[in-house]
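Only one structure is covered here, and it is reproduced in the block below.
The values are calculated or read from the model by the stated rules, or taken from the named source; none is laboratory data. It should be emphasised that the depicted structure is a prediction, and the values quoted were computed from it without experimental measurement. As a convention, Cβ positions derive from the backbone with ideal geometry for all residues, glycine included, and neighbour counts pool all protein chains shown.
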Amino acid sequence: MNEKFLNPYDPQKTEKINYKLWEESGFFNPDKLPERHQKPFTIIMPPPNANGSLHAGHALFVTLEDLMIRYKRMQGFKTLWVPGADHAGFETQVVYEKKLEKEGRSRFKMDPKELYDEIMQFTLDNKSFMENQVRSLGASCDWSRERFTLEPKIIETVYETFKKLSDDNLLYRGEKLVNWCSKHQTSLSELETDGVDKEDKFYTFQYGPFQIGTTRPETKFGDKYVVMHPDDERYKEYSHGQKIDLEWINGPITATIIKDEAIDMKFGTGAMTITPWHDTADFEIAQRHNLDYEQIIDFYGKLLPIAGPEFEGKNISVAREEIVKKLDEKGLLVKTEESFKHNVKVCYKCNRPIEPQIKAQWFIKTEPLTQKALEAVEKGDIKFVTERHERIFRHWMENIHDWNISRQIIWGIPIPAKICLDCGEGMVDLDDSISKCSKCGGKIEKDKDTFDTWFSSGQWPFATLNFPEGKDFKGFYPTDVMETGHDILFFWVARMIMLGIYCTGEVPFKTIYLHGLVRDAKGKKMSKSVGNVVNPLELSDKYGTDALRMSLLVGNTPGTDMNLSEDKIKAYKKFANKLWNISRFVLDNTKDLNEVDLESEDIKKLINSNSELINLEKTITDITKDLDNFQFHIASEKIYHYIWHEFADKIIEESKEKLDNSETQLILLYILQICLKTLHPFMPFITEEIWKSMPIKNKKLLLIEEWPV
RNA sequence: GGGCGAUUAGCUCAGUUGGUAGAGCAGCGCAUUUACACUGCGAAGGUCGGGGGUUCAAAUCCCUCAUCGCCCACCA
C-alpha cells in the first residue's frame with residue numbers, strides 16, 4: 001500500500017504545498033513557459049475591491065478564470081492572467097465612512113490628506129489579505145504582473161485618456177442636473193441610483209386659476225412657471241408667455257404660462273408648475289424655453305433663503321407638512337390623495353432619496369463612443385456569453401446619456417484640471433501648468449473632485465498591459481476573455497468596451513463571459529445584514545478548495561444566478577475522495593510499472609485495440625468542445641460522471657478479475673492519467689498531488705502537461 | 001410604462017442544433033476482511049406551470065395566459 005495515499009484524502013495537507021510548487025515553477029508567468037507555448041491567451045482579472053474579504057462571488061470568478069487559464073495553458077497557449085486590486089473609489093469610501101461612524105468620527109471633520117492616508121492604509125491592508133485568499137483558491141495568475149488601480153503608471157494612463165477626450169472634444173464641463181446624495185455629499189451616475197416604488201401623499205393646490213398636483217410641496221417656492229400642453233382644450237384661453245398674478249406660499253407672485261408637449265394631458269389636471277433646479281423633466285422644459293431657475297434646496301437637504309424666513313434652513317423632510325399646512329390655511333389646498341404610487345430615485349448605498357441638483361461637473365459625450373462599441377459587437381469582434389446579455393447591452397448602449405465622471409469624494413484619482421473661479425470654465429491640466437483662466441483670464445483653482453472609479457476601471461485592460469508602448473500591450477492585447485459578473489455589465493463592461501476601442505483602436509477583449517450572482521442554498525441574495533453570507537475560505541478549509549471549485553462549476557449556467565449549499569460542496573468533497581481512492585487502487589496494482597512511456601508504439605497499439613477507450617475518447621472530445629464553448633457547467637459534470645460512473649464503477653470493477661495482466665494495468669494507468677489531465681483545470685490541487693505518484697516517463701508538473709486531445 | 005429571465009423528481013438545479021427525461025441532496029431496500037461507508041448494488045419518484053399551434057416526433061420551435069424574479073425608464 002502506498003503510504004502516501006492515506007484514506008481519506010486530506011486537502012489541507014496538499015493545497016499549500018502544491019500552490020507553492022506551481023508558483024515557484026514560474027509557469028504562472030507566460031514568459032517562463034516552455035517552448036511549445038507560443039500563441040497568447042490573456043485574461044485580465046477583474047480587480048477585487050480592496051475593502052473587505054473575499055465573498056462567494058470572488059470564489060466563482062477565480063474558479064472560472066483559473067479553469068480557462070489552466071485549460072489553455074495545457075493546450076499550449078502562452079497564458080497570461082493579470083491579477084489586480086481596485087481602490088474602488090466611492091465603494092471603499094462608503095465602507096470606510098461606516099467604520100468612521102462606528103468610531104464616532106466623520107469624514108467631514110477630517111483633514112482631507114489625513115483621511116486619504118487612512119483609507120490608503122486600510123485599502124493596502126485589505127489588498128494583501130485578499131491576495132492570499134486568491135492564492136488559496138488556486139489562482140494560477142502571474143503575480144509578478146499584479147496591478148493596483150492607484151499606482152502612478154495607471155494614473156498616468158487615465159490622465160492621458162482624460163486629455164485625449166478633451167482634445168477630441170468629447171469632454172465638457174457642464175452645469176447640468178446631477179444625482180446628488182445629501183448624505184455622501186457627492187454626485188452619482190445614473191447607475192449609482194436605484195429606483196424604489198414608494199407611496200406618497202399627492203397634493204393638489206390652487207395656483208391662480210389652475211390646479212396643480214405635486215408630491216413635493218417643499219420644492220414649490222421657486223415655481224413661477226405653469227406648464228400645460230399646447231393642444232389642451234381646457235386651457236386654450238391661455239397663451240404661451242402670458243403673465244398671471246396669483247397668491248402663493250409666501251404672498252403674491254407673477255407666474256408665466258408655458259406650453260410644452262412634454263405634458264401629459266391625461267395626468268391630473270394637465271397643468272403643473274416646474275422646479276428646474278431639482279427635477280430632470282422640469283429642467284428640460286426650462287432649457288427648451290430658456291427659462292430661468294433657482295436653487296431651492298441646498299446640498300445638505302435644507303431649504304434656502306428663497307423659502308422665506310419662516311422656512312429657511314429647515315430640513316425638507318419636516319418642511320413638507322408645514323408648507324402644506326400653510327397653503328391649507330390660505331385656502332389653497334384643494335385635496336390630498338393619501339397613497340400615490342410612484343418611483344423615487346435613491347442612493348444605491350444609503351437608500352436616501354436622491355436630490356437632483358444643478359452642478360458643474362465633467363461629462364463625457366458618450367454617443368461617439370457607443371457607436372464604435374456597437375459596431376464592434378455587430379461585427380463580432382466582441383462576443384457575448386450569453387447572447388441574452390448582448391441584447392441587454394445593446395439596448396442600454398442605444399439609450400445612454402452623457403456620463404458624469406466627477407465625484408466629490410476624496411478617495412480616488414484626482415481630476416487633473418483647473419476651474420475658473422470667475423466664469424466657471426474648466427481646463428484640463430495634466431502637468432499643473434495653468435495659472436489663469438484661458439477664457440476670461442480670471443483666477444483659477446485646482447479641481448477638488450476625483451474621477452468616478454469606473455472611468456479609470458474602464459481603462460483597466462489596456463492600462464494593466466502598459467498601453468501604449470509596453471511589451472505586454474503589444475504581446476497580449478486585445479485580451480481574449482473578460483469574465484465578470486452580469487451586475488456590472490453597464491458599470492464596467494460597457495465602459496471598458498467604449499474606452500478600450502476609443503483609446504487603442506481595438507476591442508479590449510474578444511469574448512465577454514458573464515456569470516450570475518451566487519445566492520444561498522434557498523436562492524436568497526447573500527447579505528451581511530441577513531447573515532447568510534458564506535465565506536469561501538472557510539468552505540475551502542472545511543471541504544477542500546477543489547470541492548468548492550467543483551460545486552461552483554457544475555450546473556452553474558452562464559449568466560444565471562446560482563445557489564450554493566454546503567451539501568453541494570460536500571458532494572464534491574466525496575468526489576475528491578473517490579478519485580483519491582481510485583488512484584490508490586490503480587497505483588497499488590501497477591506497482592511493477594515504472595517510467596511508462598506514453599509515447600511508445602506498444603502503448604499506442606494497446607490503446608487503439610482497446611474498445612473500452614472509445615467512450616473515454618468521446619468524453620474528452622465532448623469536454624474539449626464544451627470548454628471551447630464556455631459550457632463549463634456541462635464539461636464539469638461530464639468529467640465527474642466519467643470518472644465515477646464509468647471509470648470506477650465499470651472499468652475498475654471489471655478489471656479486478658484480470659489485474660495480474662500487464663495490459664490491464666497499463667490501460668488503468670492510461671485512463672487515470674487522462675482523467676487527471678482533464679480534471680486538472682477543474683480540481684487542480686488533488687490532481688497535481690496524485691500526478692506526483694504516477695509512474696510515467698518524462699513527467700512534468702501536471703500544470704503544464706499537454707491537454708489530452 | 002417598456003424589456004428580459006424563470007416555472008422540470010420532496011428540495012436545489014442541469015438538459016446548445018426537436019428524437020423514448022438527468023445530477024446533487026433527502027428518502028427506501030440490500031450489501032461490509034482487502035481502492036473507497038466521504039462506499040457499492042438495486043428500486044422508487046416527473047401528464048417538464050396552464051391552454052393552443054407547427055411536426056412523423058416538442059421540456060426543446062411559435063402563440064397565448066398565469067405566477068415569481070430581475071433590469072431599464074425624467075410622467076408632476
Subject >> Candidate set: segment A:232-247, residues that are out of contact with any Ser or Thr (no Cβ under 9 Å at 6 or more places or on another chain) and within 13 Å of RNA strand B (Cβ to nearest atom); chosen: the one nearest to A:C347 (Cα to Cα) >> reply: A:D232
Original post:
A:E375 passes all but one of (1) farther than 29 Å from A:I419 by Cβ; (2) touching a residue at least 12 places away in the same chain (Cβ under 8 Å); which number fails?
Top reply: (2)
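Could you grab me the full set of residues in segment A:629-648 that are farther than 24 Å from A:H515 by Cα and either touching a helix residue (DSSP H, G or I) at 6+ places or on another chain (Cβ under 9 Å) or surrounded by 18 or more Cβ atoms within 10 Å (Cβ to Cβ) (or both)? If you could, list the steps in order and put the result at the bottom.
Quick first cut of segment A:629-648, residues farther than 24 Å from A:H515 by Cα only: A:642-648.
Residues satisfying the conditions are A:Y642, A:I643, A:W644, A:E646, A:F647, A:A648.
Given the criterion surrounded by fewer than 21 Cβ atoms within 10 Å (Cβ to Cβ), within 25 Å of A:E483 (Cα to Cα) and of a type in the set (S, T, Y), identify the matching residue among A:T545, A:T560.
Values: A:T545 fails: surrounded by fewer than 21 Cβ atoms within 10 Å (Cβ to Cβ).
Of A:T545, A:T560, the one residue that is surrounded by fewer than 21 Cβ atoms within 10 Å (Cβ to Cβ), within 25 Å of A:E483 (Cα to Cα) and of a type in the set (S, T, Y) is A:T560.
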Original post:
For A:I643, all conditions in the list (1) away from RNA strand B (no atom under 16 Å from the Cβ); (2) modelled with pLDDT of 90 or more; (3) closer than 23 Å to A:N589 by Cα hold save one; what is the number of the exception?
Top reply: (1)
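Conditions tested, residue by residue: (1) surrounded by fewer than 21 Cβ atoms within 10 Å (Cβ to Cβ); (2) more than 30 Å from A:I400 (Cβ to Cβ); (3) of a type in the set (F, W, Y); (4) at pLDDT 90 or above.
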| position | (1), (2), (3), (4) |
| --- | --- |
| A:V481 | no, no, no, yes |
| A:D487 | yes, no, no, no |
| A:H515 | no, no, no, yes |
| A:V554 | no, yes, no, no |
| A:F575 | no, yes, yes, yes |
Original post:
Looking at A:R584, is it under 30 Å from A:T484 (Cα atoms) and surrounded by 13 or more Cβ atoms within 10 Å (Cβ to Cβ)?
Top reply: no
Subject >> Any hit, segment A:268-291, residues being modelled with pLDDT of 90 or more, among the aromatic types (F, W, Y), surrounded by fewer than 22 Cβ atoms within 10 Å (Cβ to Cβ) and within 11 Å of RNA strand B (Cβ to nearest atom) >> reply: yes
Subject >> Number of the condition not met by A:T256 [criteria: (1) within 13 Å of RNA strand B (Cβ to nearest atom); (2) in a strand (DSSP E or B)] >> reply: (1)
Subject >> Given (1) more than 21 Å from A:P461 (Cα to Cα); (2) under 24 Å from the mean Cα position of the chain (by Cα); (3) among the β-branched types (V, I, T); (4) surrounded by 14 or more Cβ atoms within 10 Å (Cβ to Cβ), index of the condition A:V196 fails >> reply: (4)
Original post:
Looking at segment A:611-623, is at least one residue at pLDDT 90 or above, of a type in the set (S, T, Y) and either under 21 Å from A:I690 (Cβ atoms) or away from RNA strand B (no atom under 16 Å from the Cβ) (or both)?
Top reply: no
**OP:** Hey, could you check segment A:390-438 for residues that are of a type in the set (S, T, N, Q) and surrounded by fewer than 20 Cβ atoms within 10 Å (Cβ to Cβ) and say which is nearest to A:T370 (Cα to Cα)?
**Re:** A:N399
Original post:
Could you list, in sequence order, the residues of segment A:494-510 that are under 18 Å from A:W81 (Cβ atoms) and aliphatic (A, V, I, L, M)?
Top reply: A:M496
Original post:
With respect to A:F490, is the statement that it is in a helix (DSSP H, G or I), within 15 Å of RNA strand B (Cβ to nearest atom) and hydrophobic (A, V, I, L, M, F, W, C) true?
Top reply: yes
Original post:
For segment A:689-698, does any single residue satisfy the condition of being of a type in the set (D, E) and out of contact with any Ser or Thr (no Cβ under 6 Å at 6 or more places or on another chain)?
Top reply: no
**OP:** Could you please let me know if A:H389 is over 30 Å from A:W180 (Cβ atoms) and near RNA strand B (Cβ under 10 Å from one of its atoms)?
**Re:** yes
Original post:
Which of the following residues is under 17 Å from A:V518 (Cβ atoms), within 16 Å of RNA strand B (Cβ to nearest atom) and either in a loop (DSSP other than H, G, I, E, B) or touching a Phe, Trp or Tyr at 6+ places or on another chain (Cβ under 8 Å) (or both): A:L54, A:L67?
Top reply: A:L67
Original post:
Can you tell me which residue in segment A:191-216 is nearest to A:S339 (Cα to Cα), limited to those that are near RNA strand B (Cβ under 10 Å from one of its atoms) and not in a strand (DSSP E or B)?
Top reply: A:T215
**OP:** State the number of residues belonging to segment A:91-133 that are among the charged types (D, E, K, R) and touching a residue at least 60 places away in the same chain (Cβ under 8 Å).
**Re:** 4
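Looking only at segment A:107-163, filter to residues that are assigned to a loop (DSSP other than H, G, I, E, B) and aliphatic (A, V, I, L, M); which one of those is surrounded by the fewest Cβ atoms within 10 Å (Cβ to Cβ)? Talk me through it step by step, then tell me what you get.
Pass one, segment A:107-163, residues assigned to a loop (DSSP other than H, G, I, E, B): A:110-111, A:137-142, A:146, A:149-151.
With the extra rule that they be aliphatic (A, V, I, L, M), the set shrinks to A:110, A:137, A:139, A:150.
On the way: A:M110: 14, A:L137: 24, A:A139: 24, A:L150: 19.
By that ranking, first place goes to A:M110.
For (1) of a type outside the set (F, W, Y); (2) in a loop (DSSP other than H, G, I, E, B), each residue gets a yes or a no:
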site	(1), (2)
A:D231	yes, yes
A:G241	yes, yes
A:L246	yes, no
A:F283	no, no
A:Y293	no, yes
A:V318	yes, no
A:I323	yes, no
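Going by the structure shown, is A:I652 more than 21 Å from A:G555 (Cβ to Cβ) and within 14 Å of RNA strand B (Cβ to nearest atom)? Quick ask: steps written out before the conclusion?
Details: more than 21 Å from A:G555 (Cβ to Cβ): yes; within 14 Å of RNA strand B (Cβ to nearest atom): yes.
So A:I652 fits the description; yes.
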Original post:
If you go through segment A:337-354 one residue at a time, how many are more than 13 Å from RNA strand B (Cβ to nearest atom) and either surrounded by fewer than 17 Cβ atoms within 10 Å (Cβ to Cβ) or within 22 Å of A:T204 (Cα to Cα) (or both)?
Top reply: 5
